[in-house]
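The next block holds one structure in the form of structure tokens; read it before the comments.
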Amino acid sequence: MSKLKVENLGKSYDGNVILENISFTAEPGDSIAFVSPSGSGKSTLLSMLGLLLSSTTGTVVVDGQDSDALGDKELSRLRRETFGFVFQHTQLVGSLRAVENVMAPANFAGKLPFDARERAEQLLGSLGLADRLMHYPYQLSIGQKRRVSVARALLLDPPIVIADEPTNDLDADSSASVADTLFERAANGGILLFATHDRELASRASRVMHLEGKTFVER
Ligand code: ATP
Ligand code: MG
């Protein structure tokens, strides 16, 4: 189980302030929805929370470790051991089959469990993709690719799952199975942080943060 503490986080691009002054903590069992208009900074925030993007101000503290004080190697270890990330644009590897994509990050990190293949197939099956295991990304619909990317984020059971609009492009049934799979992690002591424009998905979160000015506040 992990704990996340966000202190005074902000991001500017070329002197333009996109986000500022974001502070909150997330405890095991929390699911937090980030809701704001398109282009206002959700993906930017999630990338900073997942230690994929450096902040302009403030810091993210993971289990007492201040990410700002870590070198590249320690930062990538902390990122790998803590987070599973569902990207807004899925970011699958085009030359790998669905099941191989699910295993790719763990494989790349040299952390593939002995039963990885079985778990990957199981996850894909639970997301309605049992008959698409061997398909390449170009043979999948956008909604199917999104579900593969959800399975990839969950393979190693990360303590914190970050999901950027995970139900985009999905029909009601697939959307519900993705949501069930994600919220189940939080229910079991994980942390789920996600961005969405989907009111129904946001309503399932234990906490919701909205944009006010350039900061996200809970209400
Ligand atoms: P959406 O709901 O459409 O996904 P979002 O809330 O996720 O939008 P972001 O992708 O975080 O929004 O973008 C926030 C702002 O930051 C946008 O105005 C965008 O143009 C700007 N931005 C993002 N990345 C960069 C960058 N690398 N350089 C300059 N500006 C950037
Ligand atoms: Mg976005």
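Descriptive notes on the structure:
- Of residues in the range 178-202 being open to solvent by 80 Å² or more (accessible area, probe 1.4 Å) and touching a residue at least 60 places away in the same chain (Cβ under 8 Å), the one nearest to Ile160 (Cα to Cα): Ala187
- For the range 1-33, filtering for residues that are outside any strand (DSSP E or B) and either among the polar types (S, T, N, Q) or open to solvent by less than 20 Å² (accessible area, probe 1.4 Å) (or both) leaves 1.
- Verdict on Arg152 being part of a helix (DSSP H, G or I), closer than 19 Å to Gly84 by Cβ, within 16 Å of ligand 1 (Cβ to nearest atom) and open to solvent by less than 50 Å² (accessible area, probe 1.4 Å): no
- Count of the range 45-102 residues which are closer than 30 Å to Ala130 by Cα and among the hydrophobic types (A, V, I, L, M, F, W, C): 11
- Scan of the range 71-92 for residues that are over 17 Å from the mean Cα position of the chain (by Cα) and either assigned to a loop (DSSP other than H, G, I, E, B) or more than 26 Å from Ser2 (Cα to Cα) (or both), ordered by number: Gly71
- Selected residue [open to solvent by 40 Å² or more (accessible area, probe 1.4 Å), closer than 26 Å to Leu155 by Cβ, at pLDDT 95 or above and among the β-branched types (Val, Ile, Thr)] from Val62, Val93, Val86: Val93
- Just one residue in the set Glu74, Glu81 is of a type outside the set (A, V, I, L, M) and either within 16 Å of ligand 1 (Cβ to nearest atom) or more than 22 Å from Glu184 (Cα to Cα) (or both); that residue is Glu74.
- Hits in the range 130-142 - residues which are buried (at least 17 other Cβ atoms within 10 Å of the Cβ) and assigned to a helix (DSSP H, G or I): Arg132, Pro137
- Check on Val102, under 22 Å from Ala179 (Cβ atoms), surrounded by 17 or more Cβ atoms within 10 Å (Cβ to Cβ) and within 16 Å of ligand 1 (Cβ to nearest atom): no
- Cβ separations smaller than 6 Å between residues 6+ apart or across chains give the following pairs from the range 97-112 residues that are closer than 10 Å to Leu156 by Cα to residues that are open to solvent by 60 Å² or more (accessible area, probe 1.4 Å) and not small (Gly, Ala, Ser): Ala106/Leu112; Ala106/Leu156.
The values are calculated or read from the model by the stated rules, or taken from the named source; none is laboratory data. Remember, it's a predicted structure, so these values are computed and weren't measured experimentally. All Cβ positions, glycine included, derive from the backbone under ideal geometry; neighbour counts span all protein chains shown. Calculation scope for accessible area: heavy atoms of the full protein, side chains included, ligands and nucleic acids excluded. Shrake-Rupley method; radii C 1.70, N 1.55, O 1.52, S 1.80 Å.
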